[in-house]
Amino acid sequence: MLAFVLGALAVFFVFGYFGLAIGWWTLAAGLLLAYLSIAAQFSALTTTVLFVVFAIAAAALNVPWLRRKIVTDRILAVYRQIVPDMSQTEKEAIDAGTVWWDADLFSGKPDWEKLLRIPQPRVSAEEQAFLAGPVEELCAMCDDWEITHERQDLAPQAWQYVKDKGFLGMIIPKQYGGLGFSAIAHSAVVQKLATRSSTAAISVMVPNSLGPAELLLHYGTDEQKNHYLPRLAKGLEIPCFALTSPEAGSDAASIPDSGVVCKGVWQGKEVLGMRVTWDKRYITLGPIATLVGLAFRLYDPEGLLGKEKDLGITCALVPTNTPGVNIGRRHLPLNAVFQNGPTSGKDVFMPIEWIVGGREYAGKGWMMLMSCLAAGRSISLPTSAVGGAKAAARFVGAYARVRSQFKTPIGRLEGVEEALGRIAAHCYMMDATRIMTAGAVDLGEKPAVISAIAKYHMTERGRQVVNDGMDIVGGKGICLGPSNWIGRGYQIAPVAITVEGANILTRTLIVFGQGAIRCHPYVLREMRAAKEMSGAEASREFDDAFTSHIGHVLRNAIRTFAYGLTRGSIAPAPSGAARETQHYYRHVGRLSAVFAFLADISMLAMGGALKRKEKISGRLGDVLSMMYLVSATLKRYEDEGRMREDLPLVRWSVRDALYRAQQAIEGVLSNFPIKALATLLRWLVFPTGKSLRPPLDSRNRECARILLEPGTARDRLTAGMYVPRGNDATGTLEAAFLATVACEPIDKKLREAQKRGLADPLSVLTPEERQQWQRKETLRKEVIKVDDFPPDFGRAELVLEQASQPAAKAAA
């Protein structure tokens, strides 16, 4: 009996660990039963009865038509009753985009070899020339204080340059006059602009994200494409997209804006059209747009397009010179001065042909938006956050070396060093995520869940980076003025957190809520079999998905326990990966099994209520997100040739993310609603306790030093950003940083002279050293200078200047 029990346990764990098919389980069970009958010396009758029962059970489990009739068809009937129906907008959101590496992480057994085989995305020679030429030039034209304080907009010459050089048509193919850039090049352009001016970056990225051009490329008629795309590419049209309404923000699918299909007069002729009323806000480029992409719910009460009365959300292209269209007023989002404002219209008549894709696409707007958002959200906000992080890393590091207190560069004070190390490591992981996500888009993916992960975590880490930067820069950072290079970035950080899906809801509703259905290998198949299929087709599909799902849960449960016992040491790692990072792959493999198991148990235990348990679903989403960020970081380290100088950044950022994932799992278990089950789950997940630890202080110090020393590691970390060469605030800071490092031997000589009590310590310097030191001091004082203004902040001077303008014009 002991041998039988041990054999049964061995079969259970080994077969479950490797996920063997049910036929192997049946064979092993038969052999164990035969052994038991011989060893226990069962009677012939007992043996016969046991094997008859076994044969019936084996047939019921292994013969598909019999299994369906006895088991899975009955489960399907119950499943149909307990699973709620999805609305059309929910279905379209779930179906939008594609799954990619997120599906591997959801499987419990990520294929690392597959990930590392994906080539590193690179810009073409033409795209690189654009980055080195027009993008560099546009950055040089941007003075952030002039833009944000004096003009409240880009300078007219900058706007014209953006139009003339094709910045607004990066995603438009060359056949329509656009640049036809790859996603990685599009990302590189936005990143570089974001290191210089958020206004320039946003003004360029929005027309290349979700908007008229993207919608036209995928759904427009040939006539619409041929008319609008060349004009958008040349900057003859300024586009915006109007989705958000006062009553429908994050819940965009409930927009109250509406249109009615009717006949009306257009350009002297009676045509079939729509009379649309809308009230939108937060529309970027809206105040200066010439073409509005408009989302509204379309109704057809007279049946002019068919039998459906409520056609659903529809997207149309509306020229802003159409009678009744209101634009021009502006919002002021935290002193960010990119063009943003409301647009409205009441009973505006427009031809039915203005629907994107023509009348055939009436009511298909939500599907169009969700599909296009998956790709656009992968690039715009994650990339701009990375640009801001790179600028903060380079300039805050330089400032921390130039600025001294207690006769020490502040970057070498441990408190400052801690924040500086975080900045460097976050910057490395953020850029790795940007590159991998943009690369997925270039591979043809529209990664809906991954884009939400990238948007949420890049903007949140961007906020932490700028907060750490502001803490380091201190008083200089809080006093706005021409020499303040961090204040506006600090102010604008919440804007990225809020737009394209508020981060709170992105984390709690989308990352896991959408991922649990879209990325899971079997859940969506089960739901479709139950809700969208019938008869034999539904029976076969549900049977295959459900039985596979059971094996999936069992395999991940056993792997969870086995990996917990061994602390992940037996989890697979890619054979070709660097030896120094092999254990990180194994940790992610363990987390993947734990995550997949917990996701299934949570869905089983809470059912539809899990959708409302946003704190638990948010933590599960955090685990998935951390695994994706670690995957991107490890891939970057391999793609860039395993640069040893970058290893501290890899180690700190990966260890930090792994620890966060462990804490998220602990949060799920601590708050699991079924306490007895939570105790069992904790025993399976952490059989030897929680083994992951936060990053070491020594790693943090190594990361900080990268930002405090000029060299290839610092340049590689901030690669792709605009490094000014002029006399503006950041150009002066960069020059002061290099001068400070070069003068350290001279400073040491001066300190020794002071210790000896020399009346004039400068006398120990050669003329060349004195000149070098004086230049450094001049730059240092310019860097630590804080702006000040007249008591009225120059208002009187501005009034006089405005009053003199008419007289000057009259004299001219």
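The values are calculated or read from the model by the stated rules, or taken from the named source; none is laboratory data. Just so it is clear, the structure is predicted and the values come from calculations on it, not from any experiment. Here Cβ is always computed from backbone atoms with ideal geometry, including for glycine, and neighbour counts include all displayed protein chains. Surface areas here come from the heavy atoms of the whole protein model, side chains and all, with no ligands, DNA or RNA. Shrake-Rupley method; radii C 1.70, N 1.55, O 1.52, S 1.80 Å.
Remind me, relative contact order of the chain in percent, using alpha carbon pairs under 8 angstrom and six or more residues apart? Could you put the intermediate results ahead of the total?
Details: 1305 pairs, mean separation 118.6, N = 812.
Relative contact order for the chain comes out at 15 percent.
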10 Å beta-carbon shell around Gly387, net charge (K/R +1, D/E -1): +3
For the chain, which span is the longest to avoid every loop-located (per DSSP) member of chymotrypsin sites (Phe, Trp or Tyr not before Pro) having at most 12 other Cβ atoms inside 10 Å? 1-405
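Work out how much length Gln771 to Leu565 would gain on full extension: take 0.36 nm times their residue separation and subtract the Cα-Cα distance, in nm to one decimal.
Additional length available on full extension: 67.6 nm.
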Could you work out how much longer the chain between Leu272 and Ala57 gets when fully extended? Use 0.36 nm per residue separation minus the Cα distance between them, nm to one decimal. 70.9 nm
Among all the lysines, which ones have a C-alpha under 16 Å from Lys531's C-alpha, if same-chain residues fewer than 8 places away are not counted? Lys91
Give me the one-decimal nm value for the distance between modelled label points at Gln754 and Ile478, 7 Å along each residue's Cα-to-Cβ direction. 2.8
For peptides 618-624, 687-693, 221-227, sequence by mean Cβ density within 10 Å, most packed first: 618-624, 221-227, 687-693
Distance between Cα centroids, the range 349-404 to the range 16-54: provide it in whole Å. 59
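Tally the DSSP beta bridges in the chain and give the antiparallel ones as a percent, rounded to 5. Let's see the in-between values first.
Numbers: 33 of 41 bridges.
If I count the DSSP bridges inside the chain, around 80 percent turn out antiparallel.
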So who's got an amide H within less than 5 Å of the one on Met274, skipping anything under 5 residues away but keeping other chains? H placed 1.01 Å off N, in plane. Cys262, Met350, Ile352
Percent accessible area from carbon and sulfur atoms, the range 625-712, protein chains only, probe 1.4 Å: 54
Whole number in Å², please: accessible area per residue of the chain, 1.4 Å probe, ligands, DNA and RNA not counted. 44
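Please state the charge dipole magnitude for the chain, taken about the Cα centre, from unit charges on C-beta atoms (+1 on K and R, -1 on D and E), reported in debye and rounded to the nearest 20.
1860
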Using θ = phi - 60° and the Karplus relation 6.51 cos²θ - 1.76 cosθ + 1.60, list the HN-Hα couplings for the range 65-79 in order, rounded to whole Hz, with x at every Gly or Pro. 5, 6, 4, 4, 5, 8, 10, 6, 5, 5, 5, 4, 4, 5, 4
Listed by chain and number, the lysines with an alpha carbon less than 19 angstrom from that of Lys635, same-chain partners under 8 positions apart left out, are Lys109, Lys114
Only Cα pairs under 8 Å and at least 6 apart count here; give the relative contact order of the range 501-573 as a rounded whole percent. 20
What relative contact order, as a whole-number percentage, does the range 696-781 give when Cα pairs under 8 Å and 6 or more residues apart are counted? 27
Separation between the Ala77 and Arg329 pseudo-spin-labels, each 7 Å from Cα along Cα→Cβ, expressed in nm? 6.1
For the range 452-496 and the range 134-177, distance of Cα centres in Å: 23
What does the C-alpha gyration tensor say about the overall shape of the range 1-143? Classify as rounded when a/c is under 1.5, otherwise prolate if a/b is larger than b/c, or oblate. prolate
Whole-Hz ³J(HN,Hα) from phi, Karplus 6.51 cos²θ - 1.76 cosθ + 1.60, for the range 416-431, glycine and proline x: 5, 4, 4, 5, 5, x, 4, 4, 4, 5, 4, 4, 5, 5, 4, 5
Counting only other residues whose beta carbon sits under 13 Å from that of Val499, what net charge do I get with K and R as +1, D and E as -1? +2
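Are there trypsin sites (Lys or Arg not before Pro) in the range 314-408 that DSSP marks as loop and that have at most 15 other Cβ atoms within 10 Å, and which are they?
Working: sites: Arg329, Arg330, Lys346, Arg359, Lys364, Arg377, Lys390, Arg394, Arg401, Arg403, Lys407; in loops: Arg329, Arg330, Lys364, Arg377, Arg403, Lys407.
Within the range 314-408, the qualifying trypsin sites (Lys or Arg not before Pro) (loop, at most 15 other Cβ atoms within 10 Å) are Arg329, Lys407.
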Which FRET efficiency value, to the nearest 0.05, is calculated for Ile784 and Ala742 with the Förster distance at 22 angstrom and r the Cβ-Cβ distance? 0.75
Dipole of the range 179-320, positive end: most advanced residue of Gly180, Val318, Ala213 [Cβ charges, Cα centre]: Gly180
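Could you tally the net charge around Ile472, taking each other residue with its Cβ under 14 Å from the Cβ of Ile472, Lys/Arg +1 and Asp/Glu -1?
+1
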Compute the FRET efficiency between Cys262 and Asp95 as 1/(1 + (r/R0)^6), taking r as their Cβ-Cβ distance and R0 = 35 Å, and round to the nearest 0.05. 0.65
Per DSSP helix of 4 or more residues, -39500 (n - 2.57); summed, then divided by the residues of the chain. What does that give at 222 nm, rounded to the nearest 500? -18500 deg cm²/dmol
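So for the chain, Kirkwood radius off the Cα pairs, Stokes-Einstein at 10 °C and 1.306 mPa s: how many µm² s⁻¹? Write out the running numbers ahead of the final one.
Details: Rh = 29.9 Å.
After rounding, the answer is 53 µm²/s.
Given the Cα-Cα distance of Val764 and Gln160 and 0.36 nm per residue of separation, how much length would full extension add, in nm?
Fully extending the segment from Val764 to Gln160 adds 211.9 nm.
Rounded to the nearest 0.05, what FRET efficiency do Lys407 and Gln120 have when you use their Cβ-Cβ distance and R0 = 35 Å?
Details: r = 45 Å, r/R0 = 1.28.
That gives a FRET efficiency of 0.20.
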State the Cα centre-to-centre distance between the range 522-592 and the range 271-304 in whole Å. 45
